[in-house]
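A short write-up of the structure that comes next.
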Amino acid sequence: MNGKVYLVGAGPGDPELLTVKALRLLRTADVVLHDDLVSPEILKLISPTAEVQNVGKRCGSKAIRQEEINFLMVTRASCGSQVVRLKSGDPLIFGRAGEEMEALRRSNIEYEIVPGITSALGAAAAAGIPLTHRQESSTLVLTAGHRASGNADEDWGGFGASQSTLVIYMPGSGYREVSKRLADAGFAPETPCAIISRATTPQQQIHRTTVSDLIRSPKLASPTLLVVGEVVRFADHNLIENAVLSELRQKFETTFASALRARSL
């Protein structure tokens, strides 16, 4: 008797942002196949009797191929298991859900999608940035800084001209290319940007800059998102200042600890 596969969104990181349905499924699943970016706090909510496997692909590393993930879902469900395919953010936004749904359909495996808060929404909320604003931007564009090999880069030209809010997933750590593409797309040099790292987690960091100064931005811990547009001017400055202070405090503590170790030697 066939089981069922649930493509579940884990949200941006904070376990309290899980949906009630996602939490119920984690507590009752027979098998959980999770992304590498799902936070440890969320993984702790999985039933202790469940079979749990990390099937994440991160920073270009391909320890497991997509075809293998598809095979795991199909074979476990074919044996009657209730399978949760746990994805960071939302399954339908840069989560490869389309490929996995096709594989499940070909094998006649029943599946259900359980949406989660996508990283763009979580990051914007964490920084107090309204992604749309009646006076500044009525268009929101979600795009990826890196696309699958063999696909040409998208033309961002229309986004700058229409004063859209542009949220770039996986922008990378070197922003020179992204800055050039934004300038070529018509975004003014002074257009505000925000880099948000590990949104909604205790390790969250926020760096505010502009299109022209983007190349001088610090390298923040992944996963990161880049928000571009006039709406960034409406960000909660207290949240950003607190994030900067937290970053400086972490750097000070690391430097102080290193100095103490050197002195003890």
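Residues that are in a helix (DSSP H, G or I), open to solvent by 50 Å² or more (accessible area, probe 1.4 Å) and under 10 Å from V84 (Cα atoms) within the stretch 20-47 comprise just one, T28.
Beta carbons closer than 7 Å, at least 6 apart along the sequence or on distinct chains, pair a first residue in the stretch 102-131 that is in contact (Cβ under 8 Å) with a residue 40 or more places away in the chain and buried (at least 21 other Cβ atoms within 10 Å of the Cβ) with a second that is part of a helix (DSSP H, G or I) and of a type in the set (K, R) for V114/K21.
A residue that is of a type in the set (A, V, I, L, M, F, W, C) and more than 14 Å from the chain's Cα centre (by Cα) occurs nowhere in the stretch 34-41. Flag: E51 does not match the condition of being out of contact with any strand residue (DSSP E or B) (no Cβ under 9 Å at 6 or more places or on another chain) and without any contact (Cβ under 8 Å) to a residue 60 or more places away in the chain.
Residues of the stretch 48-67 that are part of a loop (DSSP other than H, G, I, E, B) and either modelled with pLDDT under 95 or open to solvent by less than 30 Å² (accessible area, probe 1.4 Å) (or both): A50, V55, G56, K57, R58, C59, G60, S61, K62, A63, I64, R65.
A count restricted to the stretch 158-205 and to residues that are over 24 Å from G95 (Cβ atoms) and among the aliphatic types (A, V, I, L, M) stands at 5.
Okay, residues lined up against (1) part of a loop (DSSP other than H, G, I, E, B); (2) in contact (Cβ under 8 Å) with a residue 24 or more places away in the chain; (3) not basic (K, R):
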| site | (1), (2), (3) |
| --- | --- |
| A77 | no, yes, yes |
| P91 | yes, yes, yes |
| G95 | yes, yes, yes |
| G98 | no, no, yes |
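Conditions tested, residue by residue: (1) at pLDDT 90 or above; (2) of a type outside the set (A, V, I, L, M).
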| site | (1), (2) |
| --- | --- |
| T165 | yes, yes |
| I168 | yes, no |
| G172 | no, yes |
| E190 | yes, yes |
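Conditions first: (1) at pLDDT below 95; (2) in contact with a His (Cβ under 9 Å, 6 or more places away or on another chain). I42 passes all but one, so which condition is the exception? Failed condition: (1).
The values are calculated or read from the model by the stated rules, or taken from the named source; none is laboratory data. From a predicted model like this one, the values you see are computed outputs, not experimental measurements. Neighbour counts are summed over all protein chains in view; Cβ atoms, including those assigned to glycine, are modelled from backbone coordinates with ideal geometry. Ligands, DNA and RNA are stripped out before the accessible areas are found, and what is left, the full protein with its side chains, is counted by its heavy atoms. Shrake-Rupley method; radii C 1.70, N 1.55, O 1.52, S 1.80 Å.
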